[in-house]
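J.: Below is the structure I would like to discuss, written out as structure tokens.
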Amino acid sequence: MIRALIRFAVFVLVVGAIVLVGSKLFLAPDYTVTTDVLIRVPPARVWENVGDLARWPSWVRGLERFEVVKGAGREIGSVARARVEGGFRSIDFDVQIVEALPGFRLRYRIVGGPQDGVTSEILLQTAEDGRATRVRWTESHTPPGLWGHLLAAALKPAVTTQHEESLNQLKFGIERAM
């Protein structure tokens, strides 16, 4: 019985080492996700939703809870506490505005959770002679630690889907309200 346990432990260690070395050799250590959508309203109208954290629950997908806990939600330093569906369990983190250029760009930092330290950007670009807005949401992340490569590989498709669904919801909500 003890021999079988030792063999099993050695097997687990060898497989773990192979996965770890393989992930370092074959998987990117980071990910960058860029999604965009064209919304047929001027940037100022889009900014009303993007630039105000209190309005994020109306368009950001996957939120179980989201509330502004510091500031008004529209200025540098504002913080919102978030809980998102994380598969097996919920993930809690804060979203902190680090740059806000109304009608143009919002940069925010994630504090806590598996994406701690990530700074993302939502950029608004005028299109169609000011009658439309191209919204581009970019997130780059290098997960820390020994298993960072595997975490990056797992996070990229989830983040891509979440951003695409959120931007489509933003587009639908704004254009429907016209």
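The values are calculated or read from the model by the stated rules, or taken from the named source; none is laboratory data. Computed from a prediction, not measured in an experiment: that's the story for all the values here. Using ideal geometry, Cβ is built from the backbone for each residue, glycine included, and neighbour counts are taken over all protein chains shown.
J.: Could you tell me which numbered condition residue 63 fails, if it satisfies all but one of (1) over 19 Å from residue 169 (Cα atoms); (2) without any contact (Cβ under 8 Å) to a residue 40 or more places away in the chain; (3) within 17 Å of the chain's Cα centre (by Cα); (4) surrounded by 15 or more Cβ atoms within 10 Å (Cβ to Cβ)?
T.: Of the numbered conditions (1) over 19 Å from residue 169 (Cα atoms); (2) without any contact (Cβ under 8 Å) to a residue 40 or more places away in the chain; (3) within 17 Å of the chain's Cα centre (by Cα); (4) surrounded by 15 or more Cβ atoms within 10 Å (Cβ to Cβ), the odd one out for residue 63 is (1).
J.: Residue under question is residue 69, and the condition is that it be assigned to a loop (DSSP other than H, G, I, E, B) and either farther than 21 Å from residue 140 by Cβ or among the hydroxyl-bearing types (Ser, Thr, Tyr) (or both); does it hold?
T.: So residue 69 does not fit the description; no.
J.: Something else now. Residue by residue through the range 97-143, note down the ones that are surrounded by 15 or more Cβ atoms within 10 Å (Cβ to Cβ), more than 23 Å from residue 44 (Cα to Cα), touching a residue at least 60 places away in the same chain (Cβ under 8 Å) and in contact with a Ser or Thr (Cβ under 9 Å, 6 or more places away or on another chain).
T.: 141
J.: Go through 56, 47 for me and flag whichever is at pLDDT 95 or above and farther than 24 Å from residue 86 by Cβ.
T.: Just a single option satisfies the conditions, and that option is 47.
J.: Oh, and also: Residue under question is residue 76, and the condition is that it be aliphatic (A, V, I, L, M) and assigned to a strand (DSSP E or B); does it hold?
T.: No; evaluated as a whole, the condition is false for this residue.
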